[in-house]
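The values are calculated or read from the model by the stated rules, or taken from the named source; none is laboratory data. These numbers come from a predicted model, not from an experiment. Heads up, the Cβs are rebuilt from the backbone with ideal geometry, glycines too, and the neighbour counts pull from every protein chain shown. The area values use the complete protein model at the heavy-atom level, side chains included, leaving out ligands, DNA and RNA. Shrake-Rupley method; radii C 1.70, N 1.55, O 1.52, S 1.80 Å.
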Amino acid sequence: MKLATLKQGGRDGTLVVVNRALTHCRAVPAIARTLQAALDDWDACEPQLRQVYEALNSGAFTNPEPFEPGACHSPLPRAYQWADGSAYVNHVELVRRARGVELPAEFWTDPLMYQGGSDSFVGPRDPILALSEDWGIDLEAEVAVITGDVKMGATPAQCAPAIRLLMLVNDVSLRNLIPAELAKGFGFFQSKPATAFSPVAITPDELGADWREGRVHRPLTVHLNGQLFGQPDAGTDMVFNFPQLVAHVTKTREMEAGSIIGSGTVSNKQGDLHGSSVANGGVGYCCLAEVRMYETIEAGKPQTSFLKFGDTVRIEMLGRDGASIFGAIEQRVEKYLG
């Protein structure tokens, strides 16, 4: 099942069911006005939403509304919880090396996680806004889950059934603000601006065999200014799966329906540094920090700049049939004018 939120009907938008082909949708106010309302009463709403989904796919509705990703907000325009993990330890190791910091051994056994701002997500076609290019604007392409209620102390096995939906993420980072901020010893804040999510959120069964062991086993494609930049597989080198990430959150607290947990930047190990870019036959990257680290290793200094005003980012995942699964995040970097 595929669900989206249109930018209409108030701050939390209007929930729509979207067909598998991402061409048509249908509002469902009699079932749930917003996605959060559906998640709050998932056991009752999910079967009704699925009936609408099946009817859309079968062509049972005579005049379905065209689905326009540009009219979408993020599936949850705001959320009670947005916690982003770092399940791809290869990415953590690379960005820490870029800052001259060693990777502690426990990072392979205990996931990193930060609590992001969840009061104002942006839509999948909204711009990446910043006041200055000097902040080091970077994309981070990820996968995320939306959960139902989860009890404190839940095990990964208990957390797995609470995963309701999956989305793609652009978790923008302001790289040049990070070192000074982390040096204070209190984590990210200013260096993590508003996050964007894919046009639609999907139930895990939409992925079929590509959803297994709590991981999404499909390439995540990233285009920068129309050129393919990365296509690493989201299931490869994911050290901590989503049930483990959810369990990490619930070690000391309950988690409420509508909580979003991110995977961290998708990253595959690439032993041959010279073959790591797409142009050289590698799988490429889901952020600029990684390619800059590889360039530093190979050439002594980074050669690729961070994002500039006017640059464009596209993040998408295609199914085995070549069709878009979540729709694409497409954003342009723009100067914030107030």
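Its residue count N sets the reference 2.2 N^0.38 Å, and the alpha-carbon radius of gyration of the range 268-311 equals 1.16 times that reference. By accessible area, using a 1.4 Å probe on protein heavy atoms only, the range 2-112 has 47% of its surface on carbon and sulfur.
Hey, what's the range 276-318 come to in accessible area per residue, 1.4 Å probe, Å²? Let's see the in-between values first.
Values: 1770 Å² over 43 residues.
Normalised by residue count, the accessible surface of the range 276-318 is 41 Å².
For the range 200-239, the equivalent ellipsoid built from the Cα gyration tensor has semi-axes of 22, 13, 7 Å, listed from largest to smallest.
Remark: relative contact order (the chain) = 22 percent; criterion is Cα-Cα distance under 8 angstrom and separation of 6 or more residues. Shown for the range 207-319: the carbon plus sulfur share of the solvent-accessible area, taken with all protein chains present and a 1.4 angstrom probe, equals 47%. Here the range 126-215 is treated as a Stokes sphere of Kirkwood radius computed over C-alpha pairs; at 20 °C and 1.002 mPa s its diffusion coefficient rounds to 138 µm²/s. For Arg218, nonlocal amide neighbours, meaning residues 5 or more places apart or on other chains whose placed amide H falls under 5 Å from its own, are Ala234, Gly235. Pairs of Lys residues in the range 184-338 that lie 8 or more places apart, or on two chains, and have C-alpha atoms under 26 angstrom apart add up to 9.
Nearest 0.05, what FRET efficiency do Thr252 and Tyr336 give at R0 = 22 Å with Cβ-Cβ as r?
0.05
Counting only protein heavy atoms and a 1.4 Å probe, the range 54-111 has 50 square angstrom of accessible area per residue. Label zone of Ala209 (point 7 Å out along Cα→Cβ, amide N under 18 Å): in the range 220-249 this covers 234-236.
Fully extending the segment from Ala30 to Leu131 would add 32.1 nm, taking 0.36 nm per residue of separation and subtracting the current Cα-Cα distance. On a per residue basis, the convex hull of the C-alpha atoms belonging to the chain measures out at 136 Å³.
Solvent-accessible area per residue for the range 188-243 at a 1.4 Å probe radius, Å²?
37 Å²
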